[in-house]
Amino acid sequence: MIIEYTGRQTVVTQKYKDLADAGLKAIEKILGEATGAKVILTVDKYRMIADVTVKQGSQSMVATCESPEMMTALRDALAKIEQQAVRQRQKETKGVRRPRPIEKEMLLDGLDPNQASA
């Protein structure tokens, strides 16, 4: 997975990169193959904002979190992305079961659905 780091009004330190790498590896295990990820860290006065985007195929998952500390904001954003990945994975594996239509059952039994009596 290709990870792009951006720091707005701040420097992206190694501990932020390590935390993001660990979180994104867990997300990659859930999803299988993820194409790329963007981590944007922004400082605005007293607010620290972490914006994480993970792209998988044509779909992208986005999470933005804000906190007084950057580590907390980044950890929360990665947790939100992980929840989205779990939901996405469950959608892919969950199959919808439908009953067979009555007309097909009648044809299989040798009956004509147009002449069937109620």
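The values are calculated or read from the model by the stated rules, or taken from the named source; none is laboratory data. Please read these numbers as outputs of a predicted model, since none were measured by experiment. Here the Cβ positions follow ideal geometry from the backbone for every residue, glycine too, while neighbour counts run over all protein chains shown.
Here are some notes:
- Residue count for the stretch 13-24, restricted to those that are free of Cβ contacts under 8 Å to residues at least 40 places away in the same chain and either closer than 21 Å to K91 by Cα or among the polar types (S, T, N, Q) (or both): 2
- Checking K29 against (1) closer than 14 Å to R89 by Cα; (2) touching a residue at least 12 places away in the same chain (Cβ under 8 Å); (3) not polar (S, T, N, Q), the condition it does not meet: (2)
- Sole residue being of a type in the set (S, T, Y) and without any contact (Cβ under 8 Å) to a residue 40 or more places away in the chain, chosen from T10, T35: T35
- Given (1) crowded, with 16+ Cβ neighbours inside 10 Å; (2) at pLDDT below 95, number of the condition L74 does not satisfy: (2)
- Qualifying positions in the stretch 49-79 - closer than 19 Å to V11 by Cβ, without any contact (Cβ under 8 Å) to a residue 40 or more places away in the chain and not in a strand (DSSP E or B): P68, E69, T72, A73, A77
Residue-by-condition table, conditions (1) in contact with a Pro (Cβ under 8 Å, 6 or more places away or on another chain); (2) within 17 Å of A77 (Cα to Cα); (3) of a type outside the set (S, T, Y):
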residue: G7; (1), (2), (3): no, yes, yes
residue: K17; (1), (2), (3): no, yes, yes
residue: T35; (1), (2), (3): no, no, no
residue: K45; (1), (2), (3): no, no, yes
residue: A50; (1), (2), (3): no, yes, yes
residue: M61; (1), (2), (3): no, yes, yes
residue: E66; (1), (2), (3): no, yes, yes
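- Note on the stretch 1-32: residues that are part of a loop (DSSP other than H, G, I, E, B) and over 12 Å from the mean Cα position of the chain (by Cα) total 6.
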